[in-house]
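FYI, it's all coordinate maths here, none of it is from the lab. All figures in this text were calculated on a predicted structure; none of them were measured in a lab. Here the Cβ positions follow ideal geometry from the backbone for every residue, glycine too, while neighbour counts run over all protein chains shown.
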Amino acid sequence: MHMRKSRVLRKLRAGQIASCIKINLADPRATEIAAMCGFDCVWPDMEHVPNDWVVVENQIRSAKIYDVDTLVRVSKGSYSDFIKPLELDAAGIMVPHLMSLEEAKKIVWQTKFHPVGRRPADGGNADGAYCMIDFNEYIETANKERFVVVQIEDPEPLDELDEIAKVEGIDMILFGPGDFSQGIGAPGQWDHPLIAEARKKVAKAARDNGKFAGTVGGPANLQELVDMGYQFISAGADVVALSNYFKEIVAAFEKIKI
């Protein structure tokens, strides 16, 4: 019995691009549909979405059927908020609003096993195959095949960005333009030069320090982001797809002539 290996890490380590889509809906069938369509990763959210742990557990299961990773954006709280998705066998967690080098080190301490950190060990959940994986193999594989993502979505941590990117145990740095636009006093101004500057800076800091660079985008700017150095891109969301489809149908009805 062995721990499932990460599809995202396999692609990123091979120099390829990993695709992701954000999942807001609680029904695991939404996650399963995304996985069936061929995404490398699905992103359930516990920062903004009122999902409970059973919902997330079933989302992870529905994605694993198709060898698709789950990246759970956690709420910022105690260490148990960080490690529970990993124990449910999520391939990664994403911590929002990283604000400092000190915080980055604390996250690693809480989410990576010895010798990198001091994540509390159990092994009796899905990631450890319910105690059917050897303990030392479990912690060694978890450090290698599970990834920790920190979000840069505020201007404050930029001064320490290179130091943050050097921290062992941080696997990916993901730039979030939405809240960053608020942080610079230009909410929703996606073409603001400070956003473009920060996006480039995050990609460079990650790659210069042997980390993966992630961000959000869409079909129209995928190539631009890849050329900038981003390998992990979340493009779109289930709620956007569904609402666009519904609006298209309603518009067709409105064109009917009686």
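Tabulated values for the structure
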quantity: Loop sites in the range 147-211: chymotrypsin sites (Phe, Trp or Tyr not before Pro), DSSP, at most 13 other Cβ within 10 Å; calculated: TRP190
quantity: Per-pair calculated FRET efficiency, R0 = 25 Å: ILE65 and GLN16 via Cβ, rounded to 0.05; calculated: 0.70
quantity: Orphan Cys of the chain, criterion: no other Cys C-beta under 4.7 Å; calculated: CYS37, CYS131
quantity: Chymotrypsin sites (Phe, Trp or Tyr not before Pro) restricted to the range 192-236 and DSSP loop, no more than 15 other C-beta within 10 Å; calculated: none
quantity: Entries in LYS112/LYS211; LYS22/LYS204; LYS11/LYS64; LYS5/LYS106; LYS166/LYS200; LYS105/LYS211 that, when Cα-Cα distance is taken, lie over 21 Å; calculated: LYS22/LYS204; LYS5/LYS106
quantity: Per-pair calculated FRET efficiency, R0 = 41 Å: ALA196 and ASN125 via Cβ, rounded to 0.05; calculated: 0.45
quantity: Neighbour net charge for ASP179 - beta-carbon separation under 12 angstrom, K R +1, D E -1; calculated: -4
quantity: Per-residue HN-Hα couplings for the range 116-125 [Karplus 6.51, -1.76, 1.60; θ = phi - 60°; Hz; x = Gly/Pro]; calculated: 7, x, 9, 4, x, 9, 10, x, x, 10
quantity: Efficiency of FRET from Cβ geometry, GLU102 and PHE246, R₀ 35 Å, rounded to 0.05; calculated: 0.20
quantity: Residue-averaged [θ]222 nm for the chain, counting only DSSP H segments that reach four residues, each worth -39500 (n - 2.57); calculated: -13000 deg cm²/dmol
quantity: Sparse-neighbourhood loop sites, trypsin sites (Lys or Arg not before Pro) in the range 159-258 - DSSP loop, at most 11 other Cβ within 10 angstrom; calculated: LYS255, LYS257
quantity: Cβ-defined net charge surrounding TRP109, 13 Å radius [Lys, Arg +1; Asp, Glu -1]; calculated: +2
quantity: Environment charge at LYS211 (Cβ cut-off 13 Å; Lys +1, Arg +1, Asp -1, Glu -1); calculated: -1
quantity: Global form of the range 148-258, assessed from the alpha-carbon gyration tensor, a/c cut-off 1.5; calculated: prolate
quantity: Exposed-site-free run, longest, the chain (rule: GluC sites (Glu not before Pro); DSSP loop; at most 15 other C-beta within 10 Å); calculated: 48-167
quantity: Distant-in-sequence amide H partners of ILE152 (H built 1.01 Å from N, under 5 Å); calculated: LEU174, PHE175, GLY176
